[in-house]
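The values are calculated or read from the model by the stated rules, or taken from the named source; none is laboratory data. Since this is a predicted model, take the numbers as computed values, not measurements. Glycine also receives a Cβ, built like all others from the backbone with ideal geometry; neighbour counts cover every protein chain displayed.
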Amino acid sequence: MLYERLGNYNIILGSGSPRRKYLLEEMGLNFRVMVNSSLEENWPDGLSKEEIPVYLAELKGKHLMATVPETTLLITADTIVWMGEEVINKPKDPEDAFRMLRKLSGNMHEVLTGVSLRSGDRKHSFHASSLVWFAELSDDEISFYVDHFNPMDKAGAYGIQDWIGYIGVEKIEGSYFNVMGLPLQRMYHELKKLLGDE
C-alpha cells in the first residue's frame with residue numbers, strides 16, 4: 001500500500017501555505033514544512049495557463065531538493081487563478097484585493113494548481129484544473145471580506161474555504177481541494193505512480 005511505502009521517506013512539503021499543510025495533515029501524512037522564502041516566483045513569457053503553475057512548482061522543488069537527502073520525498077505546488085486570458089495573482093494590498101474580487105464577481109474563472117513530486121533522481125509533475133462560478137457580490141460584501149479575513153496570501157484574493165466561498169461561490173466543476181491549493185485525489189494517484197505502487 002502507498003502509505004507503507006511513504007513510511008520509507010522523509011516527506012517535505014515545500015510550501016508555506018497553511019491550506020496545503022492542513023490538507024496533507026488531513027490525509028494522514030507525516031511531513032515537515034520547508035520554504036525557500038527568497039525565491040522569486042516569476043515565469044518566462046510564452047507559457048500556457050497549464051504550464052505556468054507547473055513551472056513554478058518545479059522551480060520551488062529544484063531549489064529545495066539541493067538541500068535535502070536522497071531519501072526525501074519533496075512535494076511542491078503552485079496555484080494560479082486564470083480569467084480573461086490573464087493570471088490573477090496574489091494581491092499587493094487591500095485595494096488590489098478589492099479590485100480582483102470585483103473582477104471575479106458574477107463571473108467564471110479557472111483555478112489551476114501545478115504539483116511537483118521529487119525523490120532522488122525521480123521526479124514527476126502534473127496540473128489540475130477547476131472552474132469556479134461566483135455570484136454577484138456587492139461592494140459591501142467584498143469590503144467585509146477584505147477587512148475581516150486574509151485575502152493577501154491567496155491567488156485571486158480569496159479562499160474558497162473562507163466566508164466569501166460560503167456566500168459567493170455558486171458552483172465548481174472539478175476538484176474542490178484543487179481550489180484550496182492541492183488536488184488531493186489526483187496527487188494520491190500520482191504518488192502511487194511515482195513510487196511504483198500502481
_The listed residue being free of Cβ contacts under 8 Å to residues at least 60 places away in the same chain, within 30 Å of residue 3 (Cα to Cα) and of a type outside the set (S, T, N, Q), out of 186, 122, 118, 102_ = 118
*asked:* Of everything in the range 1-50, what is under 16 Å from the mean Cα position of the chain (by Cα), over 21 Å from residue 87 (Cβ atoms) and basic (Lys, Arg)? Give them in sequence order.
replied: 21
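Hey, among 52, 75, which residue is assigned to a strand (DSSP E or B), at pLDDT 95 or above and either on the phi > 0 side of the Ramachandran plot or among the hydrophobic types (A, V, I, L, M, F, W, C) (or both)? Steps first, answer last, please.
Numbers: 52 fails: assigned to a strand (DSSP E or B).
Step by step, each of 52, 75 is checked, and only 75 is assigned to a strand (DSSP E or B), at pLDDT 95 or above and either on the phi > 0 side of the Ramachandran plot or among the hydrophobic types (A, V, I, L, M, F, W, C) (or both).
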*Can you tell me which residue in the range 99-145 is nearest to the chain's Cα centre (by Cα), limited to those that are hydroxyl-bearing (Ser, Thr, Tyr), closer than 15 Å to residue 57 by Cβ and crowded, with 23+ Cβ neighbours inside 10 Å?*
113
_For residue 160: the one exception among (1) in contact with a helix residue (DSSP H, G or I) (Cβ under 7 Å, 6 or more places away or on another chain); (2) of a type in the set (A, V, I, L, M); (3) part of a helix (DSSP H, G or I); (4) under 30 Å from residue 3 (Cα atoms)_ = (3)
